[in-house]
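Only one structure is covered here, and it is reproduced in the block below.
The values are calculated or read from the model by the stated rules, or taken from the named source; none is laboratory data. On a predicted model such as this, the values are computed, not experimentally measured, just so you know. Note: accessible area is taken over every heavy atom of the protein model, side chains too, but ligands, DNA and RNA are not part of it. Shrake-Rupley method; radii C 1.70, N 1.55, O 1.52, S 1.80 Å.
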Amino acid sequence: MDVNEIIQKLRNRKPSILGEEQFFKSAVLLPLVEVNHELHILFEVRSMNLRRQPGDICFPGGRIDEEDQTPMHCAIRETTEELGIKDTDIVDIFPLDYVVADMGRVIYPYVGQIKNPKEIVPNKDEVGEVFTIPLNYLLENKPDVYKIHFEVKPADDFPFDLIIGGENYQWQMRHMNEMFYQYDGKVVWGLTAKILYHFLSLIK
């Protein structure tokens, strides 16, 4: 192989995330709704019947399927299925920064307005309840932040003899910030809180 062959293979290539084909991809919608002439953000409480994260607070959304033309299409489809509304009820949709999370996940968040929130009929198989938090409250109240520390623990058969330093190698230890928003007995945390914080930072 010569350099021209390499150039041809790489020409017009768009960079992506290394190993993206193995990532679990999903999309969510951060829904803006009007409640008593005041702008709120809508959240879901996951049904207790779900296998993954029952009872957790989240935004509408889910896994990107093959039939989804784009991540935005997935976010809209999942929102209509979970909230029992039409796709035409969701307007002014804009992308937020996507999230590359732990364990090989990519989440594509969007923000959009639900025009007729009174017509929402949650799908009880997936949604235990919905609630809203005033946008102004979230803008005026910072989340509580706590650190999670990660420990590097190589497997028993790790080949220490192949690395400089061996068993005394100085691994890079790291931590991440976990945010908690509290309102009226509800706690928003995890990736939902991260996406919420990102959105609030953009509009401040």
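Taking every DSSP bridge with both residues inside the chain, close to 80 percent are antiparallel.
When nucleic acids and ligands are ignored and a 1.4 Å probe is applied, T88 ends up with an accessible area of around 80 Å².
Put simply, the amide H of V35, placed in the peptide plane, has neighbours under 5 Å in H40, leaving out anything fewer than 5 places away on its chain. Phi-derived couplings, Karplus 6.51 cos²θ - 1.76 cosθ + 1.60 at θ = phi - 60°, listed residue by residue for the range 11-23: 4, 6, 6, 9, x, 9, 9, 4, x, 4, 4, 9, 7 Hz, with x used for Gly and Pro. For the range 91-204, the share of accessible area belonging to carbon and sulfur comes to 52 percent (1.4 Å probe, ligands and nucleic acids excluded).
Labels on offer are (1) 11.0; (2) 17.4; (3) 13.3, and the one holding mean projected area of the Cα convex hull in nm² computed from this structure is (2). Amide hydrogen proximity for V127: with H placed 1.01 Å from N in the peptide plane, the residues at 5 or more positions away or on another chain lying under 5 Å are S47.
Rolling a 1.4 Å probe over the protein chains gives E126 an accessible area of about 60 Å².
Figure note: H149, H198, H40 ranked by solvent-accessible area, largest first, 1.4 Å probe, ligands and nucleic acids not counted: H149, H198, H40.
What is the chain's relative contact order, in percent, from Cα pairs under 8 angstrom and six or more apart in sequence? Computed value for the chain: 21 percent relative contact order. Using 0.36 nm per residue and subtracting the Cα-Cα separation, the extra length available between I163 and Q53 on full extension is 35.7 nm. Roughly how many Å is it from the Cα centre of the range 169-204 to that of the range 1-48, as a whole number? The range 169-204 and the range 1-48 have Cα centres separated by 18 Å. For the range 92-144, the Kirkwood hydrodynamic radius comes to 14.4 Å, computed from all pairs of different C-alpha atoms. Could you tell me which of the pairs K118/K204; K118/K142; K147/K194; K25/K153; K142/K204; K124/K186 are separated by over 21 angstrom between their Cα atoms in the structure shown? Among K118/K204; K118/K142; K147/K194; K25/K153; K142/K204; K124/K186, the Cα-Cα distance tops 21 Å for K118/K204; K118/K142; K25/K153.
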